[in-house]
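Here is the structure we will look at, set down as structure tokens.
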Amino acid sequence: MGTSSDHSGGSGGHWSGAKRASTEFAKHGDRRRAYRALGRLVIALGGAAAVATRSKAAVVGVQRAGSLLGVAQAEGLDAALEQAGIGNLVGKPADEVIAALIDLIAGNGEDREGQAAREAACDVLESLADDAESYEELSTALEDAEDLGDVLEQFLSSYIYRLLLPVIEERTERLEDLDQRARRDRELREAVAAVVELQISEGEIDPDTWPNATEDQLRELLEVTLRYLEEQDY
């Protein structure tokens, strides 16, 4: 596990229930407890609609990521960088380009939601870059990315995971068994990914053409996903 966010939540009210559920998940695991902890955290943060409204960095970020990768696949990374207004990075070292892409996609992470969006962008680009060290390797990796639908799913899953992680992570870090910590992290990631996959499959956004989706459509997708988690609070 790991997040640069140090926001471990508030106290009293819904936060008490969220922290209890997070402790139960940390101790015992399983998908049902993961959903309960995640759902209560959404409620503690103000509910699905409020969280989705505050998540502009993530909504814009996933849109920008789709647009950039779409151009990279169709016309090459050089063209994608030029169209994004950062053509000065053509030919630069891979780590320099990736850092600029994170800034472009997710901004500077000024608040909890913005930081989670940056971390999601890092996760997606790290996965796509495939350990690229040179510009040429990065270009090939991004141009060969097979399924943009997977990028939508990965970005939203990572965003929700990163947004809700701090309270749960605070509990799992108390576990002495490092293998158990790793299992909890895996269970949490898988729980979020399953919900996102379900909502995308049942939603109105076509995974194959989602870079053309509007901000409102993407925000609605995020909101219904968070609301689904809220409803698992049993």
Exercise for review: Quick one: which residue in 209, 225, 214, 172 is under 13 Å from the mean Cα position of the chain (by Cα), polar (S, T, N, Q), farther than 21 Å from residue 122 by Cα and in the same structural domain as residue 17 (by TED's automatic domain parsing)?
Suggested key: 225
**Study point:** Every residue from segment 195-223 that is of a type in the set (A, V, I, L, M, F, W, C) and either crowded, with 18+ Cβ neighbours inside 10 Å or outside any helix (DSSP H, G or I) (or both)
**Key:** 195, 196, 200, 205, 210, 213, 218, 221, 222
**Study point:** Which numbered condition residue 188 misses (of (1) within 24 Å of residue 107 (Cα to Cα); (2) surrounded by 14 or more Cβ atoms within 10 Å (Cβ to Cβ))
**Key:** (1)
**Study point:** Selected residue [outside the structural domain of residue 190 (by TED's automatic domain parsing), among the acidic types (Asp, Glu) and buried (at least 16 other Cβ atoms within 10 Å of the Cβ)] from 82, 75, 96
**Key:** 82
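The values are calculated or read from the model by the stated rules, or taken from the named source; none is laboratory data. Quick caveat, the model's predicted, so the values are computed rather than measured. Cβ atoms come from the backbone with ideal geometry, glycine included; neighbour counts cover every protein chain shown.
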